[in-house]
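Below: one structure, written as structure tokens.
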Amino acid sequence: MTKPEAAELANVHLAPSSPLKRRMEAEACSLLAQHGRPAILCGDLNAFSITDTPPLPGSTPPLKERKKQDKRPAIELEEAGLRDMGAFLGNTEPTVGHRSGLAYRCDRFHTNLPDDALKGLHIVREDQPNSNHRPVVAELEICDSPG
């Protein structure tokens, strides 16, 4: 049996109110993919995903919501090779905004695992949610050797 390759796993909560800090944090997170090992990054990125659609032109959401419409953290992770599992698997359901306000997908998994390792991604929908965030569950198949 071969020795399993070391993997990087990080659960993050990026800055809720500062686009500049989120960009810097995403840049730091992108280092996970630069070691050539498998990496999984998950958490509340507090900003739009690469697939989120901005509000219609002419609408003026509150400043805090406008600051979350920044896609640069997601782009930073994608360019580093940490692709958005939801976008890859076609599940782009918002994880926040179900109570009120801006609906977008801030709770995500990003990874550099091979395509065939990404088996599923599910958003948990509660009848009476206790949080303004919906939990996200990723299904991954990670093997220590091919076959």
Once normalised by the length of the chain, the mean sequence separation of its alpha carbon contacts under 8 Å that are 6 or more apart gives a contact order in percent of 25
Describe numerically, in nm with one decimal, the distance between label points set 7 Å from Cα along Cα→Cβ at Ala103 and at His133.
-> 2.0
The size of the Cβ-based charge dipole (Lys, Arg +1; Asp, Glu -1) of the chain about the Cα centre, to the nearest 20 debye, is 640
Listed residues Leu41, Leu63, Leu121, most fluctuating in the chain (Gaussian network, C-alpha, under 10 Å) = Leu63
Would you kindly calculate the mean projected area, averaged across all directions, of the convex hull enclosing the Cα atoms of the chain, in square nanometres?
-> 9.8
What value, in deg cm²/dmol to 500, does the helix sum -39500 (n - 2.57) over DSSP H runs of n ≥ 4 give at 222 nm once divided by the residues of the chain?
-> -5500 deg cm²/dmol
Portion, in percent, of the accessible area of region 57-135 that falls on carbon or sulfur, probe 1.4 Å | 48
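The values are calculated or read from the model by the stated rules, or taken from the named source; none is laboratory data. Bear in mind that the values here come from a model prediction, so they are computed numbers and not experimental data. Methodologically, a virtual Cβ is constructed for each residue, glycine included, from the backbone with ideal geometry; neighbour enumeration extends over all protein chains shown. Just so you know, the surface numbers come from the protein's heavy atoms only, side chains and all, with ligands and any DNA or RNA stripped out. Shrake-Rupley method; radii C 1.70, N 1.55, O 1.52, S 1.80 Å.
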